[in-house]
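Colleague: Before I ask anything, let me first share the structure, which is written out below as structure tokens.
The values are calculated or read from the model by the stated rules, or taken from the named source; none is laboratory data. Remember, it's a predicted structure, so these values are computed and weren't measured experimentally. Reconstructed Cβ throughout: ideal geometry from the backbone, glycine too, with neighbour counts over all protein chains shown.
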């Protein structure tokens, strides 16, 4: 990849004028000048791919590090050390911005040759890019979708006003420097008759934080920025959306968090909690501004991009029911979701760009999927919007080449016109086209959440429509919640008797072995947003897998409880195998009396496979929609079986769930879910010889009214049997508890303190807040002490024994070493010629002048001492040279830290 280049941003006022003029964004350049906009690279001339290091940290414990030849780019995804496609622990990046570290429990030393460090789907420790070859992309023709009558992207009638504010920085735990409080406000002019205005708050994601506008080579990595380097104004990158929203009568503010981007490498959750704290600090500030700015704080919508998406979701989880503001909904643009969380009772739209080169695995899909089974009364809409051809960065104009003030790049890592996401590909959106999608879907979600604008609901519920302003962009959606009666495949249903088709329930995971997994083989890594890694600690869900080889073959689901389809439509979230191509389906509905009828889904049952090439073949669920009213002669209020009939020659699909969907959204209960937070425990190891148990605490915030369940993952190694998952049951009214974690206690010195991380994942009637807990076992044993002895004299031709004694014990190998130094004796020193040639060759001193004294030749003796051994003998042989030399001497020295010990041996003829 070429080096990152610098671009110049057009005048901001000109862009604002363009946006006001009905979003004519084509006036801004969609691509940068030649050479501009290259994705940051960690490669350096000469093909250096970094260095691995593995050191012991105790019995069966190892610290694995990889050091990059250059600073890692500041992106929302985080570098992860993996083995066989499975992440090893929670990674940390050191302050140098180059060193990735994780802890591994293994009885044998991890082999770096079997490890990789992966960032955004690319192996950093392997030369070149993992972008695939230039094979022609496979895609099905996507017809122009019917346009929605009401376009949420149309600017409104209000004149807008733009201001900025800066408050005192906020100190946050784990960050040495406080976080700036900077806000960019766009709103209707004060005094305009806009009524109480909902507030829309934008939070940008993780990006470079400083740049040098003078190109003088200033330090761009220190924080705060050191002159002439200045802050990258990432918070200004959503002004194009803010202007449209303000013209429609909304107050908007976009906040800057460069201080978090510069310091969140220290935090296990990637800075999500810190970002949530800054969101709440700005909302607290708006409590004082609300009256003056005509703002209705009961109607707050949070918009988060990248790690900002995870940050605003965490804020929605944390904000108390009695807070002076209420979150009416949230929009997440290309978000991370390291914690597999989802805000209960908060309507959420998650936008997933198919060509995301940063959050490559589209883990934001978990905001929708994770919320499905948690709370029976949670009617909040959870919608995913899949944008074909969009990347990660272009939703923010300050991250877009040609528009950005600072250096910017296309985060997709390469490929040409023959690949789906490559530069010049007809399936790839330009920056202009992608930003039009951003305006339409953010504005549509805001109108739906704050004004109950049901006209825009089809953009989010799987209907086949488009906003007129996005042109021919291929955007699809699916949804759960919103009043749907959702039935999970395999959790609330069994298999119907198949007729020719092959059907089975599979686990929604990606597995190398493929046994029982929906995803088989790690070549699908990054392409299966609904499926977790098989060894991931988050709970997976079953799905119906079905394949057929002839028209008319069928299979499906038999529901545990009848489904009422008398007053709503039938929806199936369905993945089409892109390697098999488009499919055509019909559905057979059977009521409780055994009467059946067949219906044809929308678009004559045609479900198009998503476009694919080798690196971008996303298995993402589309909505198969059918009108149950076509099923005449059956009792639609008691449907007990839904079968899929293959109406194409062949195909393969996966059905996540099916639902009876209402025509309008259901009201959302004004409540807040109780949350569980994992705590930390620091304790002294003690001298128990064997296994000890620590009780790691957890607490509940809020009130549990139903029995709740979580899964807590404790990773003790990289093999499946080393990854323990503990079920945590929490009783109604319970406020705290502990999780027992075993650790090894001994009376041996260890390399250092030992850390165990616990990850909590919600399963039923609860959500997590601080989902990572830490057990720190402090080594309290003294370091072993060494001493050594030698004989006072030996005869020429004998070996000189150096006996090293170790007092105390260590759980790691020690190294006993003595060096030959110049002694204080006035006798002749032992020389190179006095030692056997073979021994000299083994100690890298062969070929030297035989008259050279040993102390000048750098001669030393050393040997590894295994744990549990207390003595070791080092030997130096001497040679009979049959020359009358009298008495010669050799002096050995051992460095004991604060002091040096010497012993002198006389060698006599």
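Colleague: Check whether at least one residue in segment 432-451 is in a loop (DSSP other than H, G, I, E, B) and either in contact with a helix residue (DSSP H, G or I) (Cβ under 6 Å, 6 or more places away or on another chain) or assigned by TED's automatic domain parsing to the domain that holds residue 246 (or both), and report yes or no.
Modeller: Taking every residue of segment 432-451 in turn, none turns out to be in a loop (DSSP other than H, G, I, E, B) and either in contact with a helix residue (DSSP H, G or I) (Cβ under 6 Å, 6 or more places away or on another chain) or assigned by TED's automatic domain parsing to the domain that holds residue 246 (or both).
Colleague: Let me ask something additional. With the checklist (1) surrounded by 20 or more Cβ atoms within 10 Å (Cβ to Cβ); (2) outside any loop (DSSP other than H, G, I, E, B) in hand, flag the one item residue 770 doesn't pass.
Modeller: (2)
Colleague: Scan segment 648-696 residue by residue and report those that are part of a loop (DSSP other than H, G, I, E, B) and surrounded by 16 or more Cβ atoms within 10 Å (Cβ to Cβ).
Modeller: Listed by number, the residues that qualify are 648, 662, 665, 668, 672, 673, 674, 679, 685.
Colleague: Anything in segment 288-315 that is surrounded by fewer than 24 Cβ atoms within 10 Å (Cβ to Cβ) and closer than 18 Å to residue 450 by Cα? List them, or say none.
Modeller: Answer for segment 288-315, where residues must be surrounded by fewer than 24 Cβ atoms within 10 Å (Cβ to Cβ) and closer than 18 Å to residue 450 by Cα: 290, 293, 294, 295, 296, 297, 298, 299.
Colleague: For segment 254-272, indicate whether the set of residues that are surrounded by fewer than 22 Cβ atoms within 10 Å (Cβ to Cβ), over 22 Å from residue 370 (Cβ atoms) and in contact with a helix residue (DSSP H, G or I) (Cβ under 9 Å, 6 or more places away or on another chain) is non-empty.
Modeller: yes
Colleague: Going by the structure shown, is residue 276 in the same structural domain as residue 331 (by TED's automatic domain parsing), buried (at least 24 other Cβ atoms within 10 Å of the Cβ) and without any contact (Cβ under 8 Å) to a residue 60 or more places away in the chain?
Modeller: The answer is yes for residue 276.
Colleague: Now, a different point. Of the residues 135, 144, which is at pLDDT below 80, over 30 Å from residue 83 (Cβ atoms) and surrounded by fewer than 16 Cβ atoms within 10 Å (Cβ to Cβ)?
Modeller: Answer to the check: 144.
Colleague: Follow-up. Any idea how many residues of segment 141-176 are part of a loop (DSSP other than H, G, I, E, B), out of contact with any helix residue (DSSP H, G or I) (no Cβ under 6 Å at 6 or more places or on another chain) and closer than 18 Å to residue 281 by Cα?
Modeller: Of the residues in that region, 3 qualify.
Colleague: State all residues of segment 823-836 that are in a loop (DSSP other than H, G, I, E, B) and in contact with a strand residue (DSSP E or B) (Cβ under 7 Å, 6 or more places away or on another chain); if no residue qualifies, say none.
Modeller: Correct list: 823, 825, 827, 830, 835, 836.
Colleague: Collect the residues in segment 355-394 that are under 19 Å from the mean Cα position of the chain (by Cα) and either part of a helix (DSSP H, G or I) or without any contact (Cβ under 8 Å) to a residue 12 or more places away in the chain (or both), keeping them in residue-number order.
Modeller: The answer is 363, 364, 365, 366, 367, 368, 369, 393.
Colleague: Can you tell me how many residues within segment 579-615 are within 17 Å of residue 645 (Cβ to Cβ), modelled with pLDDT under 95 and out of contact with any strand residue (DSSP E or B) (no Cβ under 8 Å at 6 or more places or on another chain)?
Modeller: Going through segment 579-615 one residue at a time, the tally reaches 1.
Colleague: Further question on the same structure: I need the full set of residues from segment 616-633 which are surrounded by fewer than 20 Cβ atoms within 10 Å (Cβ to Cβ) and in contact with a strand residue (DSSP E or B) (Cβ under 7 Å, 6 or more places away or on another chain), in order please.
Modeller: Selection gives 625, 627, 630, 632, 633.
Colleague: Mind listing whichever residues of segment 395-426 are under 23 Å from residue 476 (Cα atoms), in a loop (DSSP other than H, G, I, E, B) and in contact with a strand residue (DSSP E or B) (Cβ under 9 Å, 6 or more places away or on another chain)?
Modeller: Selection gives 396, 420.
Colleague: Please go through (1) surrounded by fewer than 24 Cβ atoms within 10 Å (Cβ to Cβ); (2) in a loop (DSSP other than H, G, I, E, B) for residue 343 and return the number of the only condition it doesn't satisfy.
Modeller: (1)
Colleague: Still on this structure, please answer the following. Could you check how many residues of segment 843-876 are under 60 Å from the mean Cα position of the chain (by Cα), farther than 30 Å from residue 748 by Cβ and surrounded by fewer than 14 Cβ atoms within 10 Å (Cβ to Cβ)?
Modeller: 5
Colleague: Need the failing condition index for residue 207 against (1) farther than 30 Å from residue 292 by Cβ; (2) surrounded by fewer than 24 Cβ atoms within 10 Å (Cβ to Cβ), just the number.
Modeller: That leaves (2) as the condition not met.
Colleague: Tell me which residues, restricted to segment 593-607, are more than 45 Å from the chain's Cα centre (by Cα) and assigned to a loop (DSSP other than H, G, I, E, B).
Modeller: Across segment 593-607, the qualifying residues are 593, 594, 595.
Colleague: Specify the residue that is modelled with the highest pLDDT; the eligible residues are those in segment 92-119 that are buried (at least 16 other Cβ atoms within 10 Å of the Cβ) and more than 18 Å from residue 69 (Cβ to Cβ).
Modeller: 102
Colleague: Same structure, new question: Give the residues of segment 519-550 that are over 30 Å from residue 773 (Cβ atoms), modelled with pLDDT of 95 or more and surrounded by fewer than 23 Cβ atoms within 10 Å (Cβ to Cβ), sorted by residue number.
Modeller: Those that are over 30 Å from residue 773 (Cβ atoms), modelled with pLDDT of 95 or more and surrounded by fewer than 23 Cβ atoms within 10 Å (Cβ to Cβ): 545, 547, 549, 550.
Conditions (1) modelled with pLDDT of 95 or more; (2) in the same structural domain as residue 538 (by TED's automatic domain parsing); (3) within 30 Å of residue 871 (Cβ to Cβ); (4) within 31 Å of the chain's Cα centre (by Cα), marked per residue:
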| position | (1), (2), (3), (4) |
| --- | --- |
| 730 | yes, no, no, yes |
| 736 | yes, no, no, yes |
| 739 | yes, no, no, yes |
| 747 | no, no, yes, no |
| 756 | no, no, no, yes |
| 789 | yes, no, yes, no |
| 799 | yes, no, yes, no |
| 804 | yes, no, yes, no |
| 808 | no, no, yes, no |
